[in-house]
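Engineer: Mind having a look at this structure? Questions to follow.
A short reminder: the numbers here are calculations on the coordinates, not readings from a lab. This one's a predicted model, so the numbers in the text were calculated from it and none came from an experiment. Glycine also receives a Cβ, built like all others from the backbone with ideal geometry; neighbour counts cover every protein chain displayed.
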């Protein structure tokens with residue numbers, strides 16, 4: 001089945017058999033989002049091990065885009081990363 005997902009409210013087509021990560025890679029140049037440090041992140045390993053392609057799906061939870069099959073109407077947004085501090089103060 002093919003259809004459309006919404007990446008940051010932008011309508012993007014997907015084809016049957018492709019992963020969510022491939023859909024984003026094919027249609028956007030922004031990767032899967034930006035880290036707290038401002039670095040773009042996205043598909044790296046393609047098997048879920050690196051978790052570089054984490055996205056929020058339908059506001060219900062974080063998934064690896066490389067392991068997720070898109071469905072029509074899916075709303076996908078980047079994960080909001082926060083900086084980690086090593087300060088013990």
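Engineer: With labels modelled as points extended 7 Å from the Cα through the Cβ direction, what inter-label distance (nm, one decimal) is found for residue 2 paired with residue 75?
Structural biologist: Each label point lies 7 Å from its Cα, and together they span 2.6 nm.
Engineer: How much mean residue ellipticity at 222 nm does the chain get from its helices, if each DSSP H run of length 4 or more adds -39500 (n - 2.57) and you divide by all residues, to the nearest 500 deg cm²/dmol?
Structural biologist: Computed ellipticity for the chain at 222 nm equals -2500 deg cm²/dmol.
Engineer: Continuing with the same structure: List the pair-distance distribution P(r) of the chain, using every Cα-Cα distance, as the percent of pairs falling in each 10 Å bin from 0 up to the bin containing the longest distance, rounded to whole percents.
Structural biologist: Result returned by the calculation: 18, 51, 22, 6, 2, 0.
Engineer: Out of all DSSP beta bridges with both ends in the chain, state the antiparallel percent to the nearest 5.
Structural biologist: 90
Engineer: Mind listing the Cα extents of the stretch 33-85 along all three principal axes, in Å, largest one first?
Structural biologist: Taking the Cα atoms of the stretch 33-85, the three principal extents are 37, 23, 15 Å.
Engineer: What is the stretch 3-78's relative contact order, in percent, from Cα pairs under 8 angstrom and six or more apart in sequence?
Structural biologist: Value for the stretch 3-78: 38 percent.
Engineer: With each label point set 7 Å from Cα along the Cα-Cβ vector, what nm distance links residue 35 and residue 62?
Structural biologist: Each label point is offset 7 Å from its Cα along the Cβ direction, giving 1.3 nm.
Engineer: Most fluctuating residue of 42, 31, 73 in a GNM of the chain with Cα springs under 10 Å: which is it?
Structural biologist: For the chain, modelled as a Gaussian network with Cα springs under 10 Å, the answer is 73.
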